[in-house]
Amino acid sequence: MRSTLWAFAVALLFLGSPAKAAGIQLLQSDPALSGAIWYPCAAEPTHVALGSLSVGADFGLKGAKDCPVAGAKLPLVIFSHGRGGWFGQHHDTVETLADAGFVVAAINHPGDTTHDSSRRDTLSLWGSRPADMVRLLDFVLKDWKDKAVIDANKVGFFGFSLGGATGFVLMGTRPDFARVASFCKETTGACAQLHNGETPPDPIQDARIRTAVIVDPAPGVLTRENLAVVKVPFQFWRSQFGGPGVGDGSGTERVAEGLPGKPEIHVVPAGHFAFLAPCSPELAAAVPRICTDTPEGFDRVAFHREFNAAVVKYFREQLAGGAR
């Protein structure tokens, strides 16, 4: 029932936001690269059916499917979704970046999506998630049919929740599993594996990532000591009130206080799900848990106008010379 509800929820997610003119190519031939690539495009948007990317409903989205890419030497940003999420959960932010002159790629993390929990809550996820992003980056830079439009020296990363922690791993952090083992009490999943002495996966790093936007990262494996090695510049966002996966907000506050250097830090007076794309009325009725913001009256639509603009501005500053 829960997976069916989430499938319906992600179907409705696209119905709540106005369409942008971003070009889009769907990735659906390889289960390890199931998602999409957005990019600047001069064509008019139309209905784009998701085909095999559908997650349980007959729906689509607006975009200029398979239109020619407008521009050259474009910066690239890859997206990592949160625990149990999917590649389109930040579609408004993605579209804003594409309209601003970025190529943006996002995929589902196999084993940790709305309809596939086979790896969720296992130690292997800490190896597979970064590997997923490396695989995506390899594909876009080496095998994508329009790879020639990208400047391979201008690569950024965007990660939300567990995707944010994934980004820190890619930038050099070694997750502190001993810390996790000291406070987790579960008798299943990663906790049980740690208590049984299983060896966590070695962290996978990627030096091609030049900058990042890290949003409300899962804080459990992050410490001042393991974050100190991060030399890549990044913008940091956290919710004041937290939510599933990040606790009451004190964990991300602790992470923020231990960040190296002087990163740009934003504290949003809302809960964890405020960073997801604004909900349509249908989605809000179907899954109020991810659409009801704290405190009551918080305007997610207005916040996302500011959030998306700040993300675009930051990536422009860090990856200057390609985005308009």
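The values are calculated or read from the model by the stated rules, or taken from the named source; none is laboratory data. Source: prediction; values computed, not measured. Glycine gets a Cβ as well: all are built from the backbone with ideal geometry, and neighbour counts include every protein chain shown.
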- prompt: Within segment 209-230, can you find the residues that are more than 15 Å from PHE158 (Cα to Cα) and in contact (Cβ under 8 Å) with a residue 60 or more places away in the chain?
  reply: VAL221, VAL230
message: I need the full set of residues from segment 30-52 which are free of Cβ contacts under 8 Å to residues at least 12 places away in the same chain and either farther than 20 Å from HIS81 by Cβ or not in a loop (DSSP other than H, G, I, E, B) (or both), in order please.
response: ALA49
- prompt: Does VAL155 satisfy the criteria of being touching a Leu at 6+ places or on another chain (Cβ under 8 Å), in contact (Cβ under 8 Å) with a residue 24 or more places away in the chain, of a type in the set (Val, Ile, Thr) and in a helix (DSSP H, G or I)?
  reply: no
- request: Filter segment 294-324 down to residues that are at pLDDT below 95 and buried (at least 19 other Cβ atoms within 10 Å of the Cβ), then give me how many there are.
  value: 2
query: Going by the structure shown, is GLY167 of a type outside the set (Lys, Arg), assigned to a helix (DSSP H, G or I) and under 29 Å from ALA274 (Cα atoms)?
result: yes
- prompt: When residues of segment 237-262 are filtered for being hydrophobic (A, V, I, L, M, F, W, C) and either within 15 Å of ILE290 (Cα to Cα) or over 19 Å from the mean Cα position of the chain (by Cα) (or both), how many remain?
  reply: 3
field: Residues of segment 221-232 that turn out to be buried (at least 17 other Cβ atoms within 10 Å of the Cβ) and part of a loop (DSSP other than H, G, I, E, B), as a count
entry: 5
query: Within segment 288-312, restricting attention to residues that are in a loop (DSSP other than H, G, I, E, B) and touching a residue at least 24 places away in the same chain (Cβ under 8 Å), which residue is nearest to VAL94 (Cα to Cα)?
result: PHE298
- request: Identify, from the list THR211, THR199, THR173, the residue that is over 17 Å from HIS109 (Cα atoms) and surrounded by fewer than 17 Cβ atoms within 10 Å (Cβ to Cβ).
  value: THR199
Residues within segment 228-247 that are out of contact with any Phe, Trp or Tyr (no Cβ under 7 Å at 6 or more places or on another chain), farther than 16 Å from ARG300 by Cα and not β-branched (Val, Ile, Thr), tallied: 8
- request: Identify all residues within segment 212-226 that are among the β-branched types (Val, Ile, Thr) and either within 22 Å of PHE307 (Cβ to Cβ) or in contact with a Gly (Cβ under 6 Å, 6 or more places away or on another chain) (or both); write none if there are none.
  value: VAL213, ILE214, VAL215
field: Selection within segment 70-121 - in a strand (DSSP E or B), of a type outside the set (Val, Ile, Thr) and without any contact (Cβ under 8 Å) to a residue 60 or more places away in the chain
entry: ASP116
task: Could you identify the single residue in GLY220, GLY242, GLY261 that is small (Gly, Ala, Ser) and touching a His at 6+ places or on another chain (Cβ under 7 Å)?
output: GLY242
query: In the set LEU13, LEU5, LEU50, which member is aliphatic (A, V, I, L, M), modelled with pLDDT under 95, crowded, with 20+ Cβ neighbours inside 10 Å and more than 26 Å from GLY127 (Cα to Cα)?
result: LEU13
message: Suppose we keep only residues that are surrounded by 21 or more Cβ atoms within 10 Å (Cβ to Cβ) and in a loop (DSSP other than H, G, I, E, B) within segment 273-287. Which one would you say is modelled with the lowest pLDDT?
response: CYS279
query: Among the numbered criteria (1) of a type outside the set (Phe, Trp, Tyr); (2) under 27 Å from PHE234 (Cα atoms); (3) under 19 Å from the mean Cα position of the chain (by Cα); (4) in a loop (DSSP other than H, G, I, E, B), which single criterion is violated by VAL267?
result: (4)
task: Identify all residues within segment 253-272 that are without any contact (Cβ under 8 Å) to a residue 60 or more places away in the chain, crowded, with 17+ Cβ neighbours inside 10 Å and either touching a Pro at 6+ places or on another chain (Cβ under 8 Å) or on the phi > 0 side of the Ramachandran plot (or both); write none if there are none.
output: VAL255, ALA270
One residue from ALA178, ALA165 being of a type outside the set (Asp, Glu) and within 24 Å of the chain's Cα centre (by Cα): ALA165
